[in-house]
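Working notes for the structure below.
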Amino acid sequence: TGNLFTSLLPRDQDWLELLEDHQSGTLMARTIEDPEAENLLCSYQYHPDQELYSTWITPLDSCQPLTDAAIPGVESTGERQRKLMLHVDDSYRIRFISPQTARLIGHQPAEIIGQLLPQVLGPLAKPLTEIDIREQLEETLHARITFPDEYTFWADIIFHATEDNGIFICEIDDVSYRKDLEAEIERQRNELSFTRQKLSMIVDTTTLMQEEATTHDKLEVIVEKIVQSHSFQRAAILLIDDKSVRDRYYAGFTGKSLDALLANLDLQSLLHYTDIDGDQKDAFVIHEVSGFVEMAGFDWTDQHHLLLPVRQPNKTAGFLLLDQPRERLLPDSVVIGLLSLFAGQIAAYLEEVELRQELLLTEQNYRNLFDNSRLAIILADAKDGRIVDINQHTLELFGYKRERLLDMLIWELRPDDYRETAQRNFQEAVKAGYGKYGNIPILRSDGGKILVEYDALVTQFQGRPVLQSYYRDITERQRMEFSVIQSQKLAGLGQLSAGVAHELRNPLGIINSSLYYINSCVERDELSFNDSIRKHLGIIKAEVERSRRIIENLLSFSRISKAEVEPVHINQLLQNTLDLVQKELLVNDITLETSFAQLTPLMLNLDQLKQAFLNIILNSTQAMPSGGTLQVSTSILENMIIIRFSDTGVGIPADQISDVLNPFFTTKSPGEGTGLGLSLTHSIIQRTGGSLHVESELEKGTSVTVKIPVK
């Protein structure tokens, strides 16, 4: 409606002379307010069919191509970063492009105008044009762009409307650096998943060794799990007796192929190499022909084998043998270290089996087994609980002198706040004749604490009834279980991250719009907009508070609790966990219904309970891919708090319900789940003294009921 050049230098006549001589071009211009600074880039193009010129006027700073160094927090990669803008019509045909943008693409403006957008951006950008342009205005689209110089990058593309209803601005922003970050996050997530599987297997194998089963059955299962979870296709546990193989347990081998392999191994050399006074190697590689191989810098063949000694005190009880590694490469030191730990577990288990067998043989061998047991054994008078005998390992494990222990009551080994419970457990075991207890804190003589589990039975000692207890140190195992819980938590956070990102993007977009409006008012110094400014400041404050709550919820969930037990408000914990998955519920069209009864706080492990509730909620949401309803309720019945999670998902077949709490069992497709979530959740709930029960019906849904005792 006015003269475009009124506020620009050169003046009108200069422009007219320029336009008469040239059909297109670019020049530097100045504003009347600052005639000394050439701060504008002016590009123009003549359109003879419409008898008019189109002009692009841009501040010089915004026309510069971005570089890695210009992006906060991103290290330079040496690759170019681009931000481009051009005009297209509703058929995606390019109607205008500035010379600066054309140079970045690699063509002259005349070569680009009139072409379709995919012809310029490359064939990978074709999906952009398969939707009506008006339906994707102001939406951030993603595409792979390829320019004539073969530079390829990921880009965010946004179409904006103009005053001309048939012309649209296309803004292209190079985001390759972001894709690189996403790839690195995915790599680290895969490494974390690998570590979690190994730690889970350690916990699972330790539990298996404590179950009632024959040695044969347990070792058969263990060797199968090693093949399933590690980098080798074949594995065998070889138990040695009198310098020959007395028992063997294998997976991946046939009996014939294992016989052929053992015929080529010199067992005498292996035993000498792992002798208690020898090299004490935890793992080594042997070649059937050339002998022992350094564990670095060699090409793996079918004649190479990894061996890990199953070493008991003063002897090598056998070997864990593995070969045919996947990708024909020796695994890294982390995997070999975990396998060495399994060999140690097998050794400890075999030792425990031997001790139990010898205990049953004769009373004559009792004293020898008692004094040399790798378990801490304590005998306490069944009437008053005074300790009457101990073995050497008890002194080593608890750190007391023999005379001091023989002057103590058995519950005095516990910290002050656990002694009442310990006395009650002692009386229950004496009454029942047997007891089994886990996660028991023991106070060492130096003031330190360890965690043990123990079996106790009533027997006779020197003509009087005693409670004989066998203690096992599980402090390290508890640390491993804690690592598994943290891995599960991080996996859950990975699933939640996309939803949280969307949640934060919305308030930040609103804040940005309000700030833009306020800035425009301030620049024009229009006091009449005071009420509007106050309104927008209120919007900004509300959205910042909303973002803060989202971030605090996420941080609260990821934070590691330092206390073993602490007051836990069940309803608040449930609400915080549901807040984290709110976006995922919305995206998947899942309706949330809650009903919380009034509950008192319980003394529980907050960190573990967080993970248990999240596992159940995520399982429910994943069972409703087409939407549905998730109901979460709490109630109290007969001194038990009842937490119920019900979904309307796909359900679980009746013949699989009994397996859902078993480790590694999953109803999901391969690659979509480890089968550890509900198993871990079940273990956490059991530690509270409670229970977990699953009910389901195909196509109708699943209910998970958690019961936790009030005391």
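Just one of the listed residues (ILE157, ILE131, ILE94) is among the hydrophobic types (A, V, I, L, M, F, W, C) and surrounded by fewer than 16 Cβ atoms within 10 Å (Cβ to Cβ), and it is ILE131. Taking VAL632, is it closer than 19 Å to THR702 by Cβ and at pLDDT below 85? Considered against the rule, which asks whether it is closer than 19 Å to THR702 by Cβ and at pLDDT below 85, VAL632 comes out as no.
For the stretch 380-426, the tally of residues that are more than 46 Å from the chain's Cα centre (by Cα) and assigned to a helix (DSSP H, G or I) stands at 3. Scanning the stretch 647-697 for residues that are closer than 17 Å to PRO625 by Cα and modelled with pLDDT of 85 or more returns ASP647, THR648, GLY649, VAL650, GLY651, ILE652, SER696, GLU697. VAL120 meets all of the listed conditions (1) surrounded by 11 or more Cβ atoms within 10 Å (Cβ to Cβ); (2) of a type outside the set (D, E, K, R); (3) not in a helix (DSSP H, G or I) but one, namely (3).
Examine the stretch 650-669 for a residue that is among the charged types (D, E, K, R) and touching a strand residue (DSSP E or B) at 6+ places or on another chain (Cβ under 8 Å), and state whether such a residue exists. So far as the stretch 650-669 goes, no, none of its residues is among the charged types (D, E, K, R) and touching a strand residue (DSSP E or B) at 6+ places or on another chain (Cβ under 8 Å).
Every test in (1) among the hydrophobic types (A, V, I, L, M, F, W, C); (2) in a strand (DSSP E or B); (3) open to solvent by less than 10 Å² (accessible area, probe 1.4 Å); (4) farther than 20 Å from ALA348 by Cα is passed by LEU270 save one, and that test is (2).
Listed by position, the strands (runs of 3 or more DSSP E) enclosed by the stretch 285-348 that each have at least 1 residues that are among the aromatic types (Phe, Trp, Tyr) are 291-293, 315-325. Figure legend. Inter-residue proximity from the stretch 82-108: first residues over 22 Å from THR152 (Cβ atoms) and part of a helix (DSSP H, G or I), second residues among the small types (Gly, Ala, Ser) and open to solvent by 30 Å² or more (accessible area, probe 1.4 Å), beta-carbon distance below 9 Å, spacing 6+ or different chains. Indicated pairs: PRO99/SER24. Condition check for ARG103 on (1) modelled with pLDDT under 80; (2) of a type in the set (D, E, K, R); (3) open to solvent by less than 50 Å² (accessible area, probe 1.4 Å): one failure, at (3). In the stretch 455-477, the qualifying residues are those that are without any contact (Cβ under 8 Å) to a residue 60 or more places away in the chain and touching a Lys or Arg at 6+ places or on another chain (Cβ under 9 Å), and the one that is farthest from ASN372 (Cα to Cα) is THR475.
Of the residues making up the stretch 427-453, those that are open to solvent by 20 Å² or more (accessible area, probe 1.4 Å) and over 33 Å from the mean Cα position of the chain (by Cα) number 13.
The values are calculated or read from the model by the stated rules, or taken from the named source; none is laboratory data. Bear in mind that the values here come from a model prediction, so they are computed numbers and not experimental data. Virtual Cβ from ideal backbone geometry, glycine too; neighbours counted across all protein chains shown. In case anyone asks, the SASA skips ligands and DNA or RNA and just uses the protein heavy atoms, side chains included. Shrake-Rupley method; radii C 1.70, N 1.55, O 1.52, S 1.80 Å.
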